[in-house]
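Working notes for the structure below.
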Amino acid sequence: MNRLSSALITTVLLSAGAANAQWGRPHEQAQNRQEVRQDKRELKDDRRDVAELENTLARFDRAWSRQDEREMSGVEAKLRDLLRQEFAESRSEMRDDRREVRRSGHEENRGGWGRPGMDDRRDRRDDQRDAAVEAATLRTRAAIARELHQVMGSRSQWALQRQRNLIVQLIHIAQDEVRQTKQELREDRREQREDRRDHRRRY
């Protein structure tokens, strides 16, 4: 084999090796950027949900103290709308969480020589935890919605107090979601930093 052929083969092999090393990394970096943007949108939505529920509770208290049937009926209609929105958002977030779990699993499976995959295993555990929390939240909301349906329309002292307590529970759930989304945002930003650090180590 002459020197020219040997040099050509070496160049081809090195180029192929570099391409394999880079395979998947630009996609992962783009995916992480997309998840950070999505977290920011969800955080904005979560804060809006808290504000709307708190406003609904204030309206409920005013309607109860004034025995304003028209206003109370409006509050109950607003609650139904908010719950429908929350269920739609929860189902969408559950789909996103399941997609992140699958992606984290693929990234973990790609770990190999020179890449222990410890960060990817941690990311997958985080994503699995997020999916489990979202599923539990959806179940809790469904239980609250069923109980609200049973007491809405009644103006007995017990029914009104129970309805108020359930609205307060919804506010606490929404506040928990704000905290969880902030945590997800921190985790996704950490993944971005890890990907950048991993890229620098390779090149």
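So the values come out like this:
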| read-out | value |
| --- | --- |
| Matching entry among 63, 58 (being over 30 Å from residue 97 (Cα atoms), modelled with pLDDT of 85 or more, of a type outside the set (Lys, Arg) and surrounded by 13 or more Cβ atoms within 10 Å (Cβ to Cβ)) | 63 |
| Residue match in the range 101-112 (condition: modelled with pLDDT of 75 or more, buried (at least 17 other Cβ atoms within 10 Å of the Cβ) and either of a type outside the set (A, V, I, L, M, F, W, C) or farther than 19 Å from residue 31 by Cβ (or both)) | no |
| Whichever residue in the range 124-141 is among the small types (Gly, Ala, Ser) and exposed (fewer than 13 other Cβ atoms within 10 Å of the Cβ) and, among such residues, is farthest from the chain's Cα centre (by Cα) | 136 |
| Answer from 146, 179 - the residue that is basic (Lys, Arg), under 17 Å from residue 79 (Cβ atoms) and within 30 Å of the chain's Cα centre (by Cα) | 146 |
| Single unsatisfied condition, residue 123 versus (1) at pLDDT 85 or above; (2) in a helix (DSSP H, G or I) | (1) |
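Per-residue answers, yes or no, for (1) modelled with pLDDT under 95; (2) under 24 Å from residue 93 (Cα atoms); (3) outside any helix (DSSP H, G or I):
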{"position": "137", "(1), (2), (3)": "yes, yes, no"}
{"position": "160", "(1), (2), (3)": "no, no, no"}
{"position": "165", "(1), (2), (3)": "no, no, no"}
{"position": "169", "(1), (2), (3)": "no, yes, no"}
{"position": "183", "(1), (2), (3)": "yes, yes, no"}
{"position": "189", "(1), (2), (3)": "yes, yes, no"}
{"position": "192", "(1), (2), (3)": "yes, yes, no"}
{"position": "196", "(1), (2), (3)": "yes, no, no"}
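The values are calculated or read from the model by the stated rules, or taken from the named source; none is laboratory data. Note that the structure is a prediction, hence the values are computed from the model and not measured. Counting neighbours? That spans all protein chains shown, and the Cβs are built from the backbone with ideal geometry, glycine included.
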